[in-house]
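Below is one structure, written out as structure tokens, with a few remarks after it.
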Amino acid sequence: MIIAANLKTNLTRSATHQYIDTITKCIQNTAQEVVVFPAIASLDCFDTKLTIGAQNAYPVEKGAFTGEIGLEHLEEFNIKTILIGHSERRHILGESQEFIAKKFDYFKAQGFQIIYCVGEPLEIRDSSKEAVLAYLYKQYEGIDTAYENLIIAYEPVWAIGTGKIPTLEDIQDIHAELKKKSQAPLLYGGSVKVNNVKDILQVKNVDGVLVGSAALYAEHFCSMIQAADALTL
Ligand code: 13P
């Protein structure tokens, strides 16, 4: 399974080193694919067999894009994994589907492993299943769903950082629909915690989890990896 931590705008570079050291010790015998996305300013070369990914980058090698980072900055740290389409970038930073698709194409051309996020806001969720699917399918526009290095993450916007999660039946239902769009591994994200990860990982068509706040504590993230091992070893 794929167990990923999105550290968002948290942990300084030195705190991230400690974090990654702790996780690296904990995962020595794991059968899981573990990915950590540090804050952009905390990227570095880490002595680890964890996969380190970038939460974001501009689709360019380098150039005049104030405040952004480019391919060159990722290559410095040998980073070949990127998160694209996260709801915070869509809704807070205002990234359009068109721009997200451009970013996707650029990093696909570079052979990156892409974790591509989709998810619906609460008002859509509250309307109907058809509306949810129509909303999610729009987030597949311009995206090569057959890309061999693709992982998709279903993260309902209303479940992110709120402590609310869909029922396990709802996760299973949406994942079954999304698997029809792409055979890529499909993660669930949104308020995954130590106490619910085992149940979520056992849902059909859930190939792993993308964890935010609960992953900020290395011990909690380690427990989640161990929970996945207990299910798969
Ligand atoms: P939380 O786990 O804090 O809900 O965040 C999920 C997320 O956005 C991961 O990308």
Item to check | Potential lengthening between A176 and E72 on full extension [0.36 nm per residue; Cα-Cα distance subtracted] | outcome: 33.7 nm
Checklist entry - Using 14 Å as the cut-off for backbone N distance, which residues of segment 210-230 belong to the label zone defined by a point 7 Å from the Cα of Q202 along Cα→Cβ? => result 227-230
Item to check | Among 128-137, 77-86, the order from most to least packed when residues are scored by Cβ within 10 Å on average | outcome: 77-86, 128-137
Checklist entry - For a paramagnetic label modelled at 7 Å from the Cα of H91 toward its Cβ, which residues of segment 175-209 fall within the zone defined by backbone nitrogen distances under 13 Å? => result 190-191
Next on the checklist: Based only on Cα atoms, what mean projected area does the convex hull of the chain have, in nm²?
Outcome noted: 11.8
Next on the checklist: Using amide H atoms built in the peptide plane, which far-off residues or other-chain residues are under 5 Å from G208 H to H?
Outcome noted: I2, Y188
Item to check | Cysteines in the chain that, by Cβ-Cβ distance, have no pairing candidate under 4.7 Å | outcome: C45, C117
Item to check | Student exercise, the chain dipole from Lys, Arg, Asp, Glu Cβ charges, in Debye to nearest 20 | outcome: 180
Next on the checklist: Among N205, C117, T48, which residue has its Cα furthest toward the positive end of the charge dipole of the chain, with +1 on Lys/Arg Cβ and -1 on Asp/Glu Cβ?
Outcome noted: N205
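Sort 23-34, 215-226 by packing, meaning the average of other beta carbons within 10 Å per residue, with the highest value first.
215-226, 23-34
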Item to check | Separation of the Y137 and L122 label points, Cα + 7 Å toward Cβ, nm | outcome: 2.7
Next on the checklist: Under 23 Å between alpha carbons, and skipping anything fewer than 8 positions from K25 in its own chain: which lysines qualify?
Outcome noted: K8, K49, K80, K193, K198
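Values quoted throughout were computed directly from the atomic coordinates according to the rules given, and no laboratory measurement underlies them. Not measured: the values here are computed from a predicted model. For neighbour counting, all protein chains shown are included, and Cβ atoms are generated from backbone atoms with ideal geometry for every residue, glycine included.
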